[in-house]
There are 2 protein chains.
Amino acid sequence: MTDISIDGARLIGRIRELGNLGRDGDGRLARLAASDADKLGRDLFVSWLRPAGLDVAVDRIGNIFGIWEPPGSAGKLPLMMGSHIDTVTNAGIYDGCYGVIAALEVIEAMQEQGFVPSRPVVVAAFTNEEGVRFAPDMMGSLVYSGGMDTDAALATVGTDGALLGDELRRIDFAGPEEPGFLKPAAYVELHVEQGPVLEREGIDIGAVENLQGISWQKITIDGIANHAGTTPITMRSDAGYGAARIVTYLRERALASTSPMVATVGCIEFEPNAINVIPSRATLTIDLRHPVEDWLLEEERALSEFLSRLAAEEGLTISTERLARSAPVVFDQGIVAVIEDAAKKRGLSYRRMTSGAGHDAQMIATIAPTAMIFVPSVAGISHNPAELTRDIDLIAGANLLLDVACVLAKS
Amino acid sequence: MTDISIDGARLIGRIRELGNLGRDGDGRLARLAASDADKLGRDLFVSWLRPAGLDVAVDRIGNIFGIWEPPGSAGKLPLMMGSHIDTVTNAGIYDGCYGVIAALEVIEAMQEQGFVPSRPVVVAAFTNEEGVRFAPDMMGSLVYSGGMDTDAALATVGTDGALLGDELRRIDFAGPEEPGFLKPAAYVELHVEQGPVLEREGIDIGAVENLQGISWQKITIDGIANHAGTTPITMRSDAGYGAARIVTYLRERALASTSPMVATVGCIEFEPNAINVIPSRATLTIDLRHPVEDWLLEEERALSEFLSRLAAEEGLTISTERLARSAPVVFDQGIVAVIEDAAKKRGLSYRRMTSGAGHDAQMIATIAPTAMIFVPSVAGISHNPAELTRDIDLIAGANLLLDVACVLAKS
């Protein structure tokens with residue numbers, strides 16, 4: 001462990017400077033991928049890379065890399081750190097940006113304080129992590145790791161009808177490099193937790209050892225519309241009641257589980273949606289997450305069985321549609337151990353944890369040893385202007401990333 | 001009991017003839033109150049009254065009366081029978097129209113078969129029972145029974161911006177009579193059940209002894225929007241879960257009740273309604289009905305208590321807004337007994353029952369002894385083109401109304 005440190009004031013200043021770009025007249029932040037606002041953020045980021053002496057590379061999907069090749073490191077696989085700088089609509093300033101700016105800060109701290117890594121060190125800002133304008137999300141890292149064809153991704157049509165490829169050319173970030181051109185020796189992503197666990201437990205650092213698998217389903221329940229006054233309770237096929245039973249079932253399953261399973265019904269709709277008519281149809285979405293694939297499969301199976309029972313008991317027809325499914329990702333246990341070790345040496349409290357959200361790290365994990373570091377999010381709020389991580393935690397997390405990078409860049 | 005009978009073919013023919021008026025290009029039936037289509041129906045109805053030798057009277061709110069004053073009945077309070085001939089949008093042909101046409105049929109059967117009542121007999125068609133274009137519903141009978149000022153009702157603005165008073169003048173049904181000008185000795189309304197009970201139980205006739213009180217509330221549940229992946233189940237304030245618990249609570253209450261309580265959640269909405277965001281707000285409507293006021297009050301109280309408990313347990317804020325409230329109506333036990341007796345003599349199976357829907361009879365019950373007769377609705381379907389009562393049931397119900405009228409018109 002070296003005893004160098006990042007420049008906390010510069011780190012915080014840059015996060016705020018980037019966070020001021022892309023605001024509308026009401027002050028709302030939105031830097032949707034490949035928009036004019038995204039270009040403002042990208043240009044600012046690149047403007048920081050060059051003075052740090054980094055080679056700037058942009059690939060065909062618009063991922064930006066700042067590459068430091070210290071003397072003697074040529075030919076070695078680089079250590080890569082990064083995240084994304086696109087945002088959702090009405091966003092906070094930390095999600096993604098923190099990881100990118102902290103990675104740059106790590107490189108500059110190494111340079112300024114005379115730490116010479118034995119392999120190249122790279123800061124990466126991946127395109128379109130949020131997926132608000134162009135689907136799917138985490139697109140830049142997905143393409144980079146070979147999970148999606150570059151040309152197919154460039155042909156994606158945005159919610160505003162624009163083609164991603166056209167938009168990247170328009171904002172001057174359609175680069176020449178082939179995605180995947182730099183294969184990392186290791187990848188570390190520092191990120192705000194976007195959840196309440198670290199804050200509630202009073203812990204400084206999350207050593208993220210895995211990332212939940214996600215199962216998204218749309219459930220359609222068909223019952224019979226009838227008069228709310230004239231139809232006795234026992235003679236109803238109430239699609240809305242079926243929907244409610246699914247919500248309470250999921251809660252009971254999650255509470256009874258000894259594992260960090262989460263389940264959410266975020267969307268719901270009744271038809272005809274009239275105060276005095278028993279719903280003939282209810283549609284709802286289920287977001288089911290588990291860090292272990294076998295358990296996630298078991299939850300999906302149990303849900304399916306419950307739906308069959310519910311349909312039979314209530315005289316309903318229930319159909320399901322898979323909207324999305326990703327397997328859990330297990331991060332590199334070696335890097336997680338380096339994170340824990342570094343946290344201990346910095347005097348930071350830490351715990352192993354699961355990422356409940358998706359991150360670029362899950363894509364890069366398919367091509368390189370990968371792990372993530374979380375810092376606390378106040379009240380767990382994210383994707384919201386109230387998103388906040390305290391400066392002291394931002395600085396501690398960046399210093400931890402520096403320590404981890406020093407280990408990984410020497411190995 | 002006399003042994004006269006109504007003309008079944010004429011009854012059915014008139015129901016179908018009236019049901020063919022007011023259809024759009026796609027065949028959908030809609031005779032909204034005081035519309036051109038309503039005028040078509042009204043004109044047809046009046047065209048049947050005059051040949052039957054009835055005096056036609058129209059009051060200021062547009063209620064139509066066909067009055068038969070047999071010799072020697074002058075000065076006596078009339079027996080009134082009736083219902084309404086306006087419809088909902090995309091309606092069936094039986095709701096309301098059956099009761100009006102059957103009442104006319106009863107009068108004609110009396111006249112044609114030499115039954116001489118000792119008091120006037122009146123068929124009434126009340127304005128705007130459905131309340132689709134002008135609120136409130138049951139307006140004509142409400143005004144007639146003194147529950148709403150006539151001029152206030154005429155000043156009602158429709159969903160299309162039209163004034164009811166203007167529209168009644170336009171279609172030539174703003175009559176000179178003051179609402180309430182005929183105080184009935186008794187009122188009987190024959191109606192399709194609009195519910196599944198008679199059909200499911202294989203019973204011919206419902207002797208309707210009361211009408212449910214209705215409590216409509218809008219519930220707003222505020223929780224905290226958080227990330228569906230990163231927020232452990234135990235750290236959530238999930239407004240959607242709160243909504244589901246209300247739905248299942250109401251079902252449990254209704255099933256546990258020894259009384260014919262019904263409760264329905266017909267409308268629901270989540271915010272932000274995103275698949276991966278825990279709902280920050282859920283709004284839903286509750287339609288709670290009970291035939292006994294004290295029990296309805298008790299259900300409202302128990303619900304309110306449950307909502308307080310739920311809010312505390314789940315960290316939610318729950319507010320309620322009363323949308324509508326009507327007390328139960330108890331019909332005249334003497335007339336109900338006449339209905340039962342007449343059914344027995346006709347060899348029809350019957351049961352006492354509660355009306356789950358609102359009807360003009362509940363308004364007239366405030367000024368005269370009143371009861372209703374229900375006939376089975378196939379599958380309980382109503383307010384729908386699939387609304388159906390079998391011809392044999394329509395004829396049996398009209399004959400029963402005739403028998404009941406013969407008793408009441410002689411008393």
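Throughout, read-outs are computed from the coordinates displayed, never taken from laboratory work. Just so you know, these numbers come straight off a predicted model, no measurement behind them. Note that each Cβ is placed from the backbone with ideal geometry, even for glycine, and that neighbours are counted across all protein chains shown.
Numerical summary
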{"item": "Length-normalised contact order of segment A:5-102 in % [C-alpha pairs under 8 Å, at least 6 apart]", "result": "33 percent"}
{"item": "Order by protection proxy (mean Cβ within 10 Å, highest first), peptides B:151-157, A:35-41", "result": "A:35-41, B:151-157"}
{"item": "Ranking of B:Phe134, A:Phe115, A:Phe126, A:Phe374 by count of other Cβ atoms within 10 Å, fewest first", "result": "A:Phe115, B:Phe134, A:Phe374, A:Phe126"}
{"item": "Cβ-based net charge around B:Arg170, under 13 Å, with every Lys or Arg adding one and every Asp or Glu removing one", "result": "-3"}
{"item": "Peptides ranked, highest mean first, by Cβ atoms within 10 Å: ranges A:244-253, B:181-190, B:397-406", "result": "B:397-406, B:181-190, A:244-253"}
{"item": "Protection-proxy order for peptides B:210-218, B:341-349, each taking the mean of Cβ atoms within 10 Å per residue, highest first", "result": "B:210-218, B:341-349"}
{"item": "Ratio of the Cα radius of gyration of segment A:75-220 to 2.2 N^0.38 Å, where N counts its residues", "result": "1.19"}
{"item": "Neighbouring partner chain Cβ atoms per residue of B:232-240, average, 10 Å criterion", "result": "6"}
{"item": "Cα→Cβ-extended label distance, 7 Å offset, between B:Ser5 and A:Glu271, nm", "result": "4.5 nm"}
{"item": "Among B:Leu250, B:Leu303, B:Val292 the positive-end extreme of the charge dipole of segment B:213-326 (Cβ point charges)", "result": "B:Leu250"}
{"item": "Packing-based exposure ordering (other Cβ within 10 Å, fewest first) of B:Ile286, B:Ile318", "result": "B:Ile318, B:Ile286"}
{"item": "Sum of side-chain charges, A:Tyr187 neighbourhood, beta-carbon under 12 Å (Lys, Arg +1; Asp, Glu -1)", "result": "-2"}
{"item": "Axial C-alpha extent at least 18 Å, average Kyte-Doolittle at least 1.0 - helices from chain B (DSSP)", "result": "B:391-410"}
{"item": "Least to most buried among B:Asp7, B:Asp294, B:Asp86 (fewest other Cβ within 10 Å first)", "result": "B:Asp294, B:Asp7, B:Asp86"}
{"item": "For segment B:125-202 versus segment A:299-361, the gap between their alpha-carbon centres in whole angstrom", "result": "58 Å"}
{"item": "Percentage relative contact order, segment A:222-326, counting C-alpha pairs under 8 Å, at least six apart", "result": "33 percent"}
{"item": "Global geometry of segment B:320-411, whether rounded, prolate or oblate, following the gyration tensor of its Cα atoms and the 1.5 cut on a/c", "result": "oblate"}
{"item": "Relative contact order, percent, chain A [alpha-carbon distance under 8 Å, six or more residues apart]", "result": "23 percent"}
{"item": "Residue-averaged beta-carbon neighbours from other chains (10 angstrom radius) around B:266-273", "result": "6"}
{"item": "Residue-count net charge about A:Arg390 - beta-carbon cut-off 15 Å; Lys, Arg +1, Asp, Glu -1", "result": "-4"}
{"item": "Average partner coverage of A:379-386, which counts Cβ from other chains inside 10 Å", "result": "4"}
{"item": "Of B:Lys218/B:Lys344; B:Lys76/B:Lys344; B:Lys183/B:Lys344; B:Lys39/B:Lys218; B:Lys183/B:Lys345, those spanning more than 32 Å from alpha-carbon to alpha-carbon", "result": "B:Lys218/B:Lys344; B:Lys39/B:Lys218"}
{"item": "Sequence-distant aspartates and glutamates (8 or more away, or on other chains) whose Cα lies within less than 14 Å of B:Lys410", "result": "B:Glu69"}
{"item": "Kirkwood Rh and Cα Rg combined as Rg/Rh, the protein assembly as shown", "result": "1.16"}
{"item": "Chain B: mean projected area of Cα convex hull, nm²", "result": "21.5 nm²"}
{"item": "Convex hull (Cα only) mean projected area of segment A:222-326, reported in nm² to one decimal", "result": "6.8 nm²"}
{"item": "For segment B:75-122, alpha-carbon Rg over 2.2 N^0.38 Å", "result": "1.40"}
{"item": "Directionally averaged shadow of segment A:146-304, computed from the convex hull of its alpha-carbon atoms, nm²", "result": "15.5 nm²"}
{"item": "Residues with amide H under 5 Å from that of B:Ala186, placed H, sequence gap 5 or more", "result": "B:Met80"}
